[in-house]
Amino acid sequence: MESPLVILIIEPSFLVREGFKTLFSQMGLSFRMEETDLPVANLGKLIQRSQAKLIIINPILLHQPIINRADAAFSGLIFAGLINEKTNDAITGQFDAVVPCNAGRSMLIETFEDLFRKRGLIEETQNDQQLSERETEILRFVALGLTNNEIGEKLFISVHTVMTHRKNITHKLGIKTVSGLTVYAILNKIIQAEELRGN
Amino acid sequence: MHITKDMKMVDVVHLNHHLIHIIHRFGIQLGFGEKTTAELCLEYGIDLPFFLEVLNTYHDSAYFPLHNLQQFGAGQLVNYLKRTHQDYLEHRIPEIEELLNCLMERPDLDGESRRLLADFFQQYKTELTNHIQNEEGIVYPYVLALERYTRTGSASDLEYLQSLQYSIRKYEEEHDDVEEKLFDLKNIIIKYIPKPKDSRLLNRILHELFELEADLNNHAHMEDLILVPIVEQMERKLSAINPA
């Protein structure tokens, strides 16, 4: 399991902070939220302590509403601003993404999904779950009841390599047991039911 | 939101309808009226705190009934777990089998796929039955003997325990892929069977498999988080009195 995304939120309203948690949960994001509802004098220190990658800021809590984005401590971080119609352009313009305080659900999801994807914070779902030729070959032997040792000998590869292939097969197919793989192999005509050992 | 003694049973079911199986497992029948969990437990002679802990662990997988651990004997827990087993073997598994039998008689899927699914489920059933027999034949008798001994301190119980040469550690180490087979069966139906002419019956089967899986997960959760710690505690007491 990869470690969750750490998000720092600087926002006075409890409801808004809780709302972000709900939003990110609904988006299926794995995250940990650090919160502050007090005015911030030293943003750099706060971010460093939280180890956050994404910082959601309501600029009214910043002593200095303009963030020095050139600061090395801020490189690689994502800043999202919680703004309203009175927020001036200089403040709005410095953020990687802005969220109007009255934004609806679908807009919020779109904004953050876009942001996460651009910054590689969420993985694109892999469509290429097809087994490679080698994997299909190994699956065939597994389904026929061969042990990892026997497969290794047949294909002149180490048991360790066989195990790696099997792990990848299970990951790609979402099938963990040998009998499950056998059913898959028959359904996909990789083996014939008659070929099974003992038949 | 946790389930409390003052909640009406009807509200418990509205909160999480999956709990009807658990409520039934305690012997409580429908027609709750306005009665609270406490009132119904009294009526049916059920230990209320235990009932609530079971419902809450099921309802919220993050719920950890640590503070109430001590008040339940292992016996009560084992009884509940046995009732769960009984429920699987006598009701849930046969219900799925019945659906699979219906599937066998219908042209929704080609003959080979139907047979593969039915065979795979039979394999799963055999494994689950073996798993249950192991728990009821070895693990639970050991736990009950241990509990009896910590209460009575009788020499014959001690002798029996020592003759078993068992420890709950062994149980924790034993791995079986009962859960994995169920996981596979779901994915095979969802992803890999040739497109059925009609998926409704298969959808019902899937639904039952998901329900069974959630129940089994909770069962394992109770064993790992409640039963094992209680037994370990008793084992520590035992070895303190009778160092090997």
Amide H contacts of A:ILE83 (H built 1.01 Å from N, under 5 Å, at least 5 apart or other chain): A:VAL99, A:CYS101
Distance in nm between pseudo-label sites at A:ARG49 and B:GLU105 (7 Å out along the Cβ direction from Cα): 7.0
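Using r as the Cβ-Cβ distance of A:GLU135 and B:ASN187, and R0 as 25 Å, what FRET efficiency do you calculate, to the nearest 0.05?
That pair, A:GLU135 with B:ASN187, gives E of 0.90.
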Cα-based helix-to-principal-axis angle, B:155-164 vs chain B, degrees rounded to 10: 40
With at most 13 neighbouring Cβ atoms within 10 Å, loop GluC sites (Glu not before Pro) (DSSP) excluded, longest segment of chain A: A:3-84
³J(HN,Hα) computed for each position of the stretch B:229-239 - Karplus, 6.51 cos²θ - 1.76 cosθ + 1.60, integer Hz, glycine/proline x: x, 5, 5, 4, 4, 5, 5, 4, 4, 4, 6
Built amide H within the under 5 Å cut-off of B:THR36, gap 5+: B:MET9
Centroid-to-centroid separation of the stretch A:149-199 and the stretch B:93-118 [C-alpha atoms, Å]: 25
Cα-based Lys proximity count in chain B, under 22 Å, for pairs eight or more positions apart or on separate chains: 13
Estimated FRET transfer efficiency (A:ARG117, A:HIS160; beta-carbon r; R0 30 Å; 0.05): 0.30
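Within chain B, what's the longest run with no trypsin sites (Lys or Arg not before Pro) in a DSSP loop and at most 16 other beta-carbon atoms within 10 Å? Give the range, please.
B:36-196
Just need the relative contact order of chain B here, percent rounded to a whole number, with Cα pairs under 8 Å and 6+ apart.
Normalised by residue count, the contact order of chain B is 23 percent.
Need one word for the stretch A:5-118: rounded, prolate or oblate. Basis is the Cα gyration tensor (sqrt eigenvalues a ≥ b ≥ c); a/c below 1.5 gives rounded, then a/b vs b/c decides.
rounded
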Per-residue ³J(HN,Hα) for the stretch B:114-122, Karplus 6.51 cos²θ - 1.76 cosθ + 1.60, θ = phi - 60°, Hz, x for Gly and Pro: 4, 5, 4, 5, 5, 4, 4, 5, 4
Cα gyration tensor shape of the stretch B:9-67, rounded if a/c is under 1.5, else prolate or oblate by comparing a/b with b/c: oblate
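Would you please name the GluC sites (Glu not before Pro) within the stretch B:1-98 that are DSSP coil residues with at most 10 other C-beta atoms within 10 Å of their C-beta? List each step's numbers first, then the result.
Details: sites: B:GLU34, B:GLU39, B:GLU43, B:GLU53, B:GLU90, B:GLU95, B:GLU97, B:GLU98; in loops: B:GLU34.
Those satisfying the criteria are B:GLU34.
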Spin-label model distance (nm) - A:ILE60 vs B:GLU213, 7 Å beyond Cα toward Cβ: 4.6
Length added when fully stretched, B:ILE46-B:MET1, from 0.36 nm per residue minus Cα-Cα: 14.0 nm
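Are there any chymotrypsin sites (Phe, Trp or Tyr not before Pro) in the stretch A:138-184 that are in a DSSP loop and have at most 14 other Cβ atoms within 10 Å? List them by number.
The qualifying sites are A:PHE156.
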Angle in degrees between helix B:200-222 and the longest Cα principal axis of chain B, rounded to the nearest 10: 10
Gyration tensor (alpha-carbon) shape descriptor, the protein assembly as shown, a/c threshold 1.5: oblate
Förster-model FRET efficiency, 45 Å R0, B:GLU136 and B:ASP198, C-beta, rounded to 0.05: 0.70
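Restricting to DSSP loop positions (anything but H, G, I, E, B) with no more than 15 other Cβ atoms inside 10 Å of their own Cβ, which trypsin sites (Lys or Arg not before Pro) remain in the stretch A:16-90? Numbers along the way, then the final one.
Values: sites: A:ARG17, A:LYS21, A:ARG32, A:LYS45, A:ARG49, A:LYS53, A:ARG69, A:LYS86; in loops: A:LYS53, A:ARG69, A:LYS86.
Answer in residue order: A:ARG69, A:LYS86.
Every number in this text was worked out from the coordinates using simple rules, so none of it is lab data. These numbers come from a predicted model, not from an experiment. Positions of Cβ are backbone-derived with ideal geometry, glycine not excepted, and every protein chain shown enters the neighbour counts.
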